[in-house]
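Participant: One structure is given below, represented as structure tokens, and several questions about it will come after.
The values are calculated or read from the model by the stated rules, or taken from the named source; none is laboratory data. Remember, predicted model here, so these are calculated numbers, not experimental data. Methodologically, a virtual Cβ is constructed for each residue, glycine included, from the backbone with ideal geometry; neighbour enumeration extends over all protein chains shown. Heads up: the accessible areas ignore ligands, DNA and RNA and are worked out on the full protein's heavy atoms, side chains in. Shrake-Rupley method; radii C 1.70, N 1.55, O 1.52, S 1.80 Å.
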Amino acid sequence: MFSSVPFQRQSFVISLTSAMSAILLIAMLALVFFVLRNSSSYFWPDDIYLVSYKDELVGDAQVYARRADAASQATWISKAHYQRNNEVFIYQHQQTDIVQPQDVAEVVLTDGQIMYLALYKLYDTEGIRANSMLLELMATSAELQQRIHRFRVQQLAPLHRRIHVLERQGTEADGPAKLAATAEFEDRMAELDLLLKQLQGYKVEFKYADGQLQPLPISKIERVIFPNQMNVLSKSLEALHRFWLFVSDEPKQANRAGGVFPALFGTVLMVLLMSLIVTPLGILAAIYLHEYAPQNIVTSLVRTCVNNLAGIPSIVFGVFGLGFLVYTLGGGIDQLLFSQDLPNPTFGSPGLFWAALTMALLTLPVVIVSTEEGLRRVPKSLREGSYALGATQLETIRHTVLPIASPGIMTGVILAIARAAGEVAPLILVGAVKFAPALPIDGSFPYLHLDRQFMHLGVMIYDGAFHGQQGGQSSDFMFATCFLLLLIVFTLNLIATFIRSKLRRRYAH
Amino acid sequence: MHRLVSVSSWLILLTLASLIWQLVSNSLPLFATPKVSLQEQVLLPAGKIMHIGDLAQNGFVMVQQTSDDEKDCPLRFLRLDALGHLVEFGMRANACQTKLMVHSFQGQTYLFSISREGVATLENLWVADNTIETSQLLSFAINKQYQYKDIKLSMSRDQLIVATKGQSDVWHSYWTEMDGAQDYQEHNLGRADFVLPIAAAGRIVLASGNNLKVLGKGSQLLQDISLEADVTQMHLLSSKRSFVLSFSEHNWQQFSLFNKGGELGFHPTYRPDINAATSLLVTNQTRGAILFADQHNRLHFYNSGTGEVLRQQPLTRAVDYVQWHNGGLYTAADRLVSIWSVEGMSQLTSLKSLFAKNWYEGYRAPAYVWQSTVADGQQPKYSLVPLIIGSFKAAILALFIAIPIATSAAIYTAYFAHERLRNWLKPAIEMLEAVPSVIIGFIAAVWLTPISDSFLLPLMVFILLIPVGFYLMSFVQRRLVGGLPKRMRWHWELLFASLALLLLMAIVFGQAGWLNTQLTSWLDWQGDKSTLVVALALGVAIAPTIYSVAEDAIHGVPQQIKNASFALGATRLQTLQNVVLTVSLPGILSGITLGFGRAFGETMILLMVTGNTPIAEWNLVSGIRALTANLAIELPEAQPASDLYHVLFFSALLLFAFTFCINGLAEWLRIRLRRNYQDV
């Protein structure tokens, strides 16, 4: 086959190898764009269409729907009906007609449910109001809810406590103090009832595409937007707003809606703890290897260790973390310090601290290698200058070598953080869970709970792969999580690459 | 400072050492040989031992007192008190002529009796408030003409089989339903040396001389097997689906119930090479273990899955009764009951049971099986072979994709590409390495797998078309390039190649539906198409590793030898072939080795994309469960210090050792590469 003239052979090889480079490049970009494209429908307010289609059961039907993502085989996706957790997927061959109505709204409920509905009628306590007053009424309703909340906390709760104390003291049911308290309690309850009734007066009637009405109290509605009336700018603002909600809110609807705050928080906290452990250890080890190490068996042993740690599959670190850190060390700590709680484990079960420590071991080679590279690039002349001025080795390292090598060290730490943020396998074994009831930091002593299990972005994605429906709300949510993780990891890597290339340029000669 | 610094390096050594120690120390229990050690001995009152329960867990002993006048033979019930003394807590009158038999089934104790009048009764026995309680389950009258010499009994959830041996050594069987709804069926079985009713299988096994007969419910002959030697003993194993025969030639044979040629029957499996006549035998089928004592008072530990005798342990004296409960092994000789603890059971797992084919109960033939969670009373199967094969298969699949792409890309970037292009192309491709594998796995699992059916074949066409397309293009390339503006003639290959590639992709995948139907009918493809998704996803994940190392190796080839080659008149391609690749080959191989190691150790992609079905086949399109994914699936559920836990740690040790070797190989290749650089 390759019997053609050399020139052709050469251009064939060049174009083929360049095509292979292109494949890798395209794979990388495609991956990023795919995640971006699919997560965008979670953030970007898509236009909503009125789609007429043929349903296998019902026959002709109409729904409000948005265009489906690339990850789905359907053409259109319609959001759930109220209190029904299903999504309607419409395929190309079913579709008969589409129009784009102006007044259709995307309604987000307080429990995270999203629905596409047309605004039909608006009520406040006095009766029907103009539909344009929706935002005003929502504000009033929210204010009323605030008032009710304050009323409950400030008025009812103390009364409740008073009655409780009286009961505990054994006061007779018809004692004057008790009677007075009960009467006041009933008065307050009546007031509350009034407020609640007032709140219920604020309601909206929405209309599904098929004309069916859906009344909802305004207090259950979190946000209403009209994507079809928005321009690109307001859509971008809305997308930013949603991104903010995504990173600051709790997951809702069993990881189908809401945000990823606990997972983001868990990831960041674990990574911070890890870098607190790995940075000093890695830097010291690198300094030893590069500056102090005598050429002996120990040094070469340490080097072999570092090289091998880098090559060990991450799950093996997880196994080590579970067997040694959690069961052996953690079990020992429990025996010593928390014996009153046994057999319930405190540190003897997977938790935040063990995860951070496991990750620190995993990323140790990254920090060491990168720090060593930084140290290697410190010009010999600078050291000699320092020695010539009478500095000791320690002083030279502290005042001359380390400051110059600091970008290399930083690169290493950043790369370690990026690696730890994206690594999932060991975490499954040593403490990351798909749902943790409490954050590892809260207001109760000792504030930072190192023994708690935590949520992690990567673990959330792993879990989502098994439960996510193709296309649709939950896969949007998972892709949005992927996007966030990719954003974190890429940003860290780009920073590291940037610092490194700057460092290389500075000490190139 | 010096001290602090050197402490840190000792800490690293310590970490690696404790990692290895942890893996090894948690795997070692697997290879300890099991043994029994005497815990305590208690003395029973005179009489015949009918039953020894699990004394450590509140069980009781039942002894039938014998009397000289052969009239009154009461049953005495004894238990251990708080001080460890055996005390009597119950008694029951019983006529000597009533034949008794105690049977244990699903943790319950049953007493079966046939009175002189021929009334058969089945009772449940249990202890409540320190008294013995009974409740009658079944009672029926059987033929009283037979003076029973022996009774055999077997029960399952819904039926009871009783076999009795009458005066003239003729056996009769009685089948009855446990709910007592129907009358029993009686059959004359004729004479036999040994009879073994097996209710769970609905069979009765008869052995006389060297002949073995298996009868079904209506006493019809199901199997007639002639053996090589005369049967001297017949034991049912606790799973109730296997039995063991001892022969007069001092060896024995295991039989199991399984489907062979469409017929469910008992078939011979292992025939262990032991020169001993077994006398007593107990089994613990959840562990696949059989313990038997031979005529020389030795206790043998036998693994029914591998057919190995793992240990022989001499006992101090002869034993004439033996029971094996969770709390320990109970043996009795005369009136002395010895309670033994059985240690190191978590290994009956020998190397053979982990790496060789095991003949598990109910299997047609020996097989490699990983099945850690099984139904009650069955033996978990821990063969590492399917997992190791799975890991290798996945890694090989990934290399198929990664090697051509990564090495070609490395050649282009390091050799052909302009330095300016290389400066951004290399970091860009290496960015792929930073993508968390969980994201690659997620995309592959959520998007690629569902559509793999429709894109697999078009993708293959695409892959085949790339070299063909570019080869054809090389003929017209000169003319095409000639038409370009002058400054675009050099170093723009990447852009044009990308465009050509995208064009080809658009053509092939635009016609994907048509191609797919055409090719499917033409090729008649069978198999799991998701393995291609594994290859793609894992290939993309490891390609940057190979690329990065190979690129460094090629780029590191000293400029002067390239120049020397050019000076001798070699073209760029000839220089590449004869000089650059030759010198940098160890480096490229080192990259491939590292990539292989990374694919072997990758967890998330395999966990999310493969079906995680452990299948021990080298067929690349059958299911895959990798060692790593297996750890992630099983370890969170494994009880510390259980068999499974140790097996999993052992598999982690294997992973560690393997990647250790792979990394060592890669390191060695790198040293070779450095020597190559210096030599030239």
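Participant: I want to check the label-to-label distance for A:L29 and B:I671. Put each point 7 Å from Cα in the C-beta direction and report it in nm to one decimal.
Facilitator: In this crude label model, A:L29 to B:I671 measures out at 4.3 nm.
Participant: Taking Cα pairs under 8 Å and at least six residues apart, what relative contact order does chain B come out at, in percent? Don't jump to the answer; show the numbers that get you there.
Facilitator: Values: 1236 pairs, mean separation 75.6, N = 680.
Taking the mean separation of contacting Cα pairs over the length of chain B, I get 11 percent.
Participant: Keeping every protein chain in place, order A:M410, B:M62 by accessible area at 1.4 Å, biggest value first, i.e. largest first. Please list the in-between numbers first.
Facilitator: On the way: A:M410 105, B:M62 0 Å².
Ranked list, largest accessible area first: A:M410, B:M62.
Participant: On average, how many beta carbons from a partner chain sit within 10 Å of the beta carbon of a residue in A:477-488?
Facilitator: Working: counts 0, 2, 5, 0, 2, 8, 1, 0, 5, 4, 0, 1.
Partner Cβ neighbours, averaged per residue: 2.
Participant: Using only the Cα atoms of chain B, each taken as one equal point scatterer with no solvent, compute I(q) by the Debye sum, divide by I(0), and report log10 of the ratio at q = 0.07 Å⁻¹.
Facilitator: Debye output, listed in q order: -0.68.
Participant: Obtain the nm distance between the two label points defined at B:L495 and B:N211 by a simple spin-label model: each point lies 7 Å from its Cα along the Cα-to-C-beta direction.
Facilitator: That separation, rounded to one decimal, is 9.4 nm.
Participant: Here's another thing I want to ask about it. Give me the percent of accessible area attributable to carbon and sulfur for chain B, probe 1.4 angstrom. Kindly include the intermediate steps, with their values, before the conclusion.
Facilitator: Numbers: 16210 of 29720 Å².
Accessible surface attributable to carbon and sulfur in chain B totals 55 percent.
Participant: Add -39500 (n - 2.57) for each DSSP H run of 4 or more in chain A, then divide by its residues: what number comes out at 222 nm, to the nearest 500 deg cm²/dmol?
Facilitator: Details: 16 runs with 279 residues, N = 509.
My calculation for chain A gives -18500 deg cm²/dmol from helical runs alone.
Participant: OK, next. Can you give the percent of C-alpha pairs in segment A:108-197 whose distance is more than 15 Å? Display every interim value, and only then the final one.
Facilitator: On the way: 2858 of 4005 pairs.
Distances greater than 15 Å cover 71 percent of the Cα pairs.
Participant: While we're looking at this one, here's another question. For A:D442 and A:Q229 in one chain, what is 0.36 nm times their gap in residues minus the Cα-Cα distance, to one decimal in nm? Please report the intermediate quantities before stating the final value.
Facilitator: Numbers: separation 213, 0.36 × 213 = 76.68 nm, distance 4.21 nm.
Gain on stretching A:D442 to A:Q229: 72.5 nm.
Participant: Here's a follow-up. With a cut-off of 8 Å between alpha carbons and a minimum separation of six or more residues, what is the relative contact order of segment A:393-506 in percent? Write down the numbers at each step before the final one.
Facilitator: Working: 93 pairs, mean separation 40.3, N = 114.
Relative contact order, segment A:393-506: 35 percent.
Participant: Could you tell me how many cubic angstrom of Cα convex hull volume segment A:375-437 has per residue?
Facilitator: Numbers: hull volume 7.8 nm³, N = 63.
Expressed per residue, the convex hull around the Cα atoms of segment A:375-437 is 123 Å³.
Participant: Per-residue mean of other chain beta-carbon atoms within 10 angstrom of the beta-carbon, peptide B:20-26? It would help to have the intermediate numbers written out before the result.
Facilitator: Details: counts 2, 2, 9, 5, 0, 3, 6.
Mean shielding by partner chains, rounded to a whole number: 4.
Participant: Another one. Give the relative contact order (percent, whole number) for segment B:59-208; include only Cα pairs under 8 Å separated by 6+ residues. Provide the component values of the computation, followed by the final result.
Facilitator: Working: 317 pairs, mean separation 17.6, N = 150.
Taking the mean separation of contacting Cα pairs over the length of segment B:59-208, I get 12 percent.
Participant: First check a/c for segment B:402-484, with a ≥ b ≥ c the square roots of the eigenvalues of its C-alpha gyration tensor; if it is under 1.5, answer rounded, and if not, answer prolate when a/b is larger than b/c or oblate otherwise.
Facilitator: Values: a/c = 2.89, a/b = 1.30, b/c = 2.21.
Cα axes put segment B:402-484 in the oblate bin.
Participant: Determine the total buried accessible area between chain B and chain A, counting protein heavy atoms only with a 1.4 Å probe; round to the nearest 100 Å². Write down the numbers at each step before the final one.
Facilitator: Values: alone 33600 and 27530 Å², together 53320 Å².
Its buried surface, counting both partners, is about 7800 Å².
Participant: Now for a different question. Please compute the average number of Cβ atoms from other chains found within 10 Å of each residue's Cβ in peptide A:302-308. If you can, show how the numbers build up before the last one.
Facilitator: On the way: counts 8, 2, 6, 8, 4, 4, 9.
The per-residue average across the peptide is 6.
Participant: Then there is this: So which aspartates and glutamates pass the test for A:K380, namely a Cα distance under 14 Å, with those fewer than 8 places away in the same chain ruled out?
Facilitator: A:E291
Participant: Still on this structure: Could you tell me which GluC sites (Glu not before Pro) in segment B:34-115 are loop residues by DSSP with no more than 12 other beta carbons within 10 angstrom of their beta carbon?
Facilitator: Values: sites: B:E40, B:E70, B:E88; in loops: B:E70.
Answer by residue number: B:E70.
Participant: Over segment B:542-624, with a single point scatterer placed on each C-alpha, what log10 of the ratio I(q)/I(0) does the Debye formula yield at q = 0.15, 0.17, 0.22 1/Å?
Facilitator: Cα-only, vacuum Debye calculation for segment B:542-624: -0.67, -0.75, -0.98.
Participant: Give me the Debye-computed log₁₀ of I(q)/I(0) at q = 0.12, 0.21 Å⁻¹ for segment B:609-680, equal point scatterers on Cα only, no solvent, two decimals.
Facilitator: -0.53, -0.95
Participant: Once a ≥ b ≥ c are taken as the square roots of the eigenvalues of the Cα gyration tensor of chain A, is the result rounded (a/c under 1.5), prolate (a/b larger than b/c) or oblate (a/b not larger than b/c)?
Facilitator: Working: a/c = 2.56, a/b = 1.39, b/c = 1.84.
Oblate is the answer for chain A, as a/c is 1.5 or above yet b/c matches or exceeds a/b.
Participant: Further, regarding this structure: Run through all the Cα pairs of the protein assembly as shown and give the fraction in each 20 Å bin from 0, expressed as whole percent.
Facilitator: Result returned by the calculation: 9, 28, 29, 24, 9, 1, 0.
Participant: For chain B, what does -39500 (n - 2.57) per DSSP helix run (n ≥ 4), summed and divided by total residues, give at 222 nm, in deg cm²/dmol to the nearest 500?
Facilitator: Working: 15 runs with 256 residues, N = 680.
Helices in chain B give a 222 nm mean residue ellipticity of -12500 deg cm²/dmol.
Participant: Would you mind calculating the gained length between B:V170 and B:E117 on full extension (0.36 nm times residue separation, minus the Cα-Cα distance), in nm to one decimal?
Facilitator: Length difference between fully extended and current span is 17.2 nm.
Participant: Could you name the lysines whose alpha carbon sits less than 16 Å from that of B:K486, not counting residues in the same chain fewer than 8 places away?
Facilitator: Straight-distance partners of B:K486: none at all.
Participant: Now for a different question. Please compare each pair in B:K152/B:K352; A:K54/A:K220; B:K152/B:K240; A:K197/A:K235; A:K54/A:K79 to a cut-off of 24 Å on the Cα-Cα distance and tell me which ones are over it. Let's see the in-between values first.
Facilitator: Numbers: B:K152/B:K352 36 Å; A:K54/A:K220 33 Å; B:K152/B:K240 14 Å; A:K197/A:K235 36 Å; A:K54/A:K79 17 Å.
The answer is B:K152/B:K352; A:K54/A:K220; A:K197/A:K235.
Participant: Compute the distance in nm between two label points, each set 7 Å from the Cα along the Cα-to-Cβ direction, one at A:A180 and one at B:Q136.
Facilitator: A separation of 7.6 nm, rounded to one decimal place.
Participant: Same structure, new question: Over segment B:505-576, what portion of Cα pair distances is larger than 16 Å, expressed as a whole percent? Mind showing how you got there, number by number?
Facilitator: Numbers: 1866 of 2556 pairs.
Roughly 73 percent, rounded to a whole number.
Participant: Students often forget the sequence filter, so: which aspartates and glutamates lie under 14 Å Cα-Cα from B:K35 once same-chain residues fewer than 8 apart are removed?
Facilitator: B:E343
Participant: Multiply the residue gap between B:Q65 and B:D453 by 0.36 nm, knock off their C-alpha separation, and tell me the result in nm, one decimal place. Please list the in-between numbers first.
Facilitator: Numbers: separation 388, 0.36 × 388 = 139.68 nm, distance 7.41 nm.
Stretched out fully, the B:Q65 to B:D453 stretch lengthens by 132.3 nm.
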